[in-house]
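A short worksheet on the structure shown next.
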Amino acid sequence: MIKEQRPVTMLIAALGGEGGGVLTNWIMSAAAELGLPAQSTSIPGVAQRTGGTTYYIEIYPTTWQELGLRRPVLALAPGIGDIDVLVSSEFMEAGRCIANGFCTPDRTLLISSTSRFYVINEKMALGDGRFDESRLLEAAEKNAQGRILFDMEAVAKEAGAMINAVMLGAIAGCGKLPIPVEAFERAIRAEGKAAEANLRGFQAGLAMARSEATSLRRPAEGKRREKPRNDLATLERDIRATMPQSAQDIVIEGVRRLARFQDGDYARLFLDRLAPVRDHEAQMQGDGKLLRETARHLAVRMSFEDLIRVAQAKIDPARMQRIEQELGARNGEPYSVTEFLKPGIEEMCQVLPPWLARRIIAFSEKRGWLDRFHIGMYVQTTSVTGYLRFWLLAKMRPLRRYMHRYVEEQAQIEAWLSMIMQGARLSPALGLEIAECARLIKGYGSTHKRGTQNFHTIETRLIRPALQGQLPIKDAIDGIASARTAALVDPEGQSLAKCLDEFDARLSFRIAAE
């Protein structure tokens with residue numbers, strides 16, 4: 001007997017030219033791939049001029065196969081008070097939907113961009129005619145059961161994508177739809193157009209939906225928003241209140257490391273990323289090992305070795321003191337420290353905006369320059385000019401979030417965490433092995449590149465097939481552990497290739513024997 005369920009209802013409000021129709025098609029394609037009954041309708045308009053452009057979707061959370069001869073009845077139009085998820089690409093459009101009664105505090109999750117596209121009346125005013133943002137925030141807080149609010153327009157520009165891809169990432173990250181993240185990614189790839197850019201936007205939206213930045217921030221005064229308290233004392237207090245005792249020491253050390261690496265907000269993101277792992281272990285009554293190991297590797301991955309971190313390490317007073325002690329230099333006795341650096345094109349592009357860095361890297365790769373072009377440098381850290389070069393580079397830390405390396409790392413981290421959670425649901429041991437694969441990614445330059453390539457090889461050959469049910473779980477666990485060990489022993493990849501070939505041969509022989 002099939003348990004009675006109701007469809008998940010979603011209303012999307014968008015502006016013209018933002019790809020709302022494509023967004024709807026992605027959602028419908030993902031639902032169709034999973035065999036879920038779904039229906040969409042749209043009401044065309046010209047948004048804030050003479051009417052709203054809305055898209056309405058209903059998805060039944062039971063597959064056609066499970067339903068058998070039963071057929072769900074899906075509505076063609078949204079009903080007041082019947083919306084589970086309200087999505088808007090612009091804050092005033094969200095306010096319009098709230099005013100029309102589509103957002104209710106007992107049911108609706110509001111996902112909206114906080115960016116504004118000013119209407120004619122706002123632009124025509126002689127003074128400041130903008131609508132008071134605090135009223136929109138108050139309406140969202142009062143009328144929505146939950147809220148995911150962030151500047152989708154800015155995130156889309158940073159990722160080099162359209163806003164509809166960022167919206168899809170936020171939808172995937174909210175957890176309200178019976179569709180996994182991977183199904184949305186496959187829908188984007190299947191659509192074909194600008195797939196790589198759309199996937200970047202999707203991952204950026206997914207990360208924002210899962211981070212502290214998504215929670216509603218009320219203005220402290222006027223239109224200014226209150227900044228959350230993410231100082232170390234508050235973070236450590238939160239860890240002791242929410243994390244199991246067995247993982248607290250690792251998580252606290254990770255928060256301290258990331259606060260030094262970037263800031264308190266970044267350390268808070270670390271805790272938010274660990275929350276699903278913590279909740280899963282609590283639900284499964286695990287021993288806490290997966291949480292500890294994920295926290296250990298996540299802290300290292302989030303504090304990646306970029307040029308800014310290298311510069312910080314080179315001029316760290318503790319390092320200079322250690323060198324002085326090793327040399328046996330007396331107080332005030334002069335000595336010289338010379339750094340030998342050889343950055344390549346990819347390393348120098350780390351600090352550039354993503355859109356510019358990608359173009360330079362693609363141009364260089366096409367001409368075969370990436371592995372051939374390196375600049376040899378000799379920098380005296382103990383000289384005024386040498387110290388200033390590293391000091392200025394280290395001072396770029398506040399801009400790190402807008403740099404190519406940061407954006408790339410965050411997308412890869414989110415993909416890795418998603419695989420851990422998928423694996424953990426199938427087997428705790430599989431989730432742990434996937435988490436341990438982060439040991440391959442370390443350092444910078446060629447070391448980081450080789451480690452990342454080995455990681456992606458294991459992901460393609462073993463992890464993804466296991467998550468998709470194409471490889472027995474026990475074989476996948478043994479294979480991932482063996483492949484990871486081979487890659488650590490020989491970073492060049494020859495041992496890894498040999499290990500994977502032997503694994504395939506053993507598996508084929510066993511299948512043939514059976």
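Computed about the Cα centre, the dipole magnitude for region 429-514 is approximately 260 debye when only Lys and Arg (+1) and Asp and Glu (-1) carry charge, each at its Cβ.
Heavy-atom accessible area for residue 355, with the other protein chains in place and a 1.4 Å probe, reaches approximately 130 Å².
Which sequence of 322, 70 reflects their accessible areas, 1.4 Å probe, from the largest down?
Working: 322 120, 70 95 Å².
Of 322, 70, the descending order of accessible area is 322, 70.
Extending 7 Å from Cα along the Cβ direction at residue 338 and again at residue 253 yields two label points whose distance is 3.7 nm.
Please report, as a whole percent, how much of the solvent-accessible surface of the chain comes from carbon and sulfur atoms (probe radius 1.4 Å).
Values: 13960 of 25880 Å².
Carbon-and-sulfur percentage of accessible area, whole number: 54.
Take every DSSP beta bridge whose two residues both sit in the chain, then give the antiparallel share in percent to the nearest 5. Restricted to the chain, the bridges split so that about 60 percent are antiparallel.
Which value, in Å², gives the accessible area per residue of region 330-405 when a 1.4 Å probe is used on the protein heavy atoms?
Numbers: 5180 Å² over 76 residues.
On a per-residue basis, region 330-405 sits at 68 Å².
Here the calculated FRET efficiency for residue 142 and residue 100, from their Cβ-Cβ distance with R0 = 22 Å, stands at 0.90, rounded to the nearest 0.05. Largest first, the residues 449, 157 sort by 1.4 Å accessible area into 157, 449.
State the label only: which of [x] 79, 78, 53; [y] 104, 56, 45; [z] 77, 50, 48 corresponds to Cα extents along the principal axes in Å computed from the shown model? Label of the calculated value: [x].
Rank 134, 112 by accessible area, highest first, at a 1.4 Å probe radius? Intermediate results must be reported in sequence, preceding the final value.
Working: 134 30, 112 0 Å².
Largest to smallest exposure gives the sequence 134, 112.
For the charge dipole of the chain, defined by +1 on Lys and Arg C-beta atoms and -1 on Asp and Glu C-beta atoms about the Cα centroid, which residue among 451, 59, 480 has the Cα displaced farthest towards the positive pole? My answer, from the dipole projection, is 451. Each principal axis of region 288-401 carries a Cα extent, and these read 52, 47, 25 Å when sorted largest first. The angle separating the long axis of helix 494-513 from the principal Cα axis of greatest extent in the chain is about 50 degrees. Each peptide in 416-429, 168-181, 85-98 receives the mean, over its residues, of other Cβ atoms within 10 Å, and ordering these scores from highest gives 85-98, 168-181, 416-429.
Ligands, DNA and RNA aside, residue 385 has an accessible area near 100 Å² when probed at 1.4 Å. In the assembled protein chains, residue 349 presents an accessible area of approximately 10 Å² (probe radius 1.4 Å). Beyond 26 Å between alpha-carbons counts as too far, so tell me which of 176/449; 176/289; 157/193; 193/449; 176/442 fall in that bin. Beyond 26 Å: 176/449; 176/289; 193/449; 176/442.
When the chain is fully extended, how far beyond the present Cα-Cα distance does residue 241 get from residue 508, taking 0.36 nm per residue of separation? Gain on stretching residue 241 to residue 508: 91.2 nm.
The values are calculated or read from the model by the stated rules, or taken from the named source; none is laboratory data. Remember, predicted model here, so these are calculated numbers, not experimental data. So basically every Cβ, Gly included, is an ideal-geometry build from the backbone, and we count neighbours across all protein chains shown. Note: accessible area is taken over every heavy atom of the protein model, side chains too, but ligands, DNA and RNA are not part of it. Shrake-Rupley method; radii C 1.70, N 1.55, O 1.52, S 1.80 Å.
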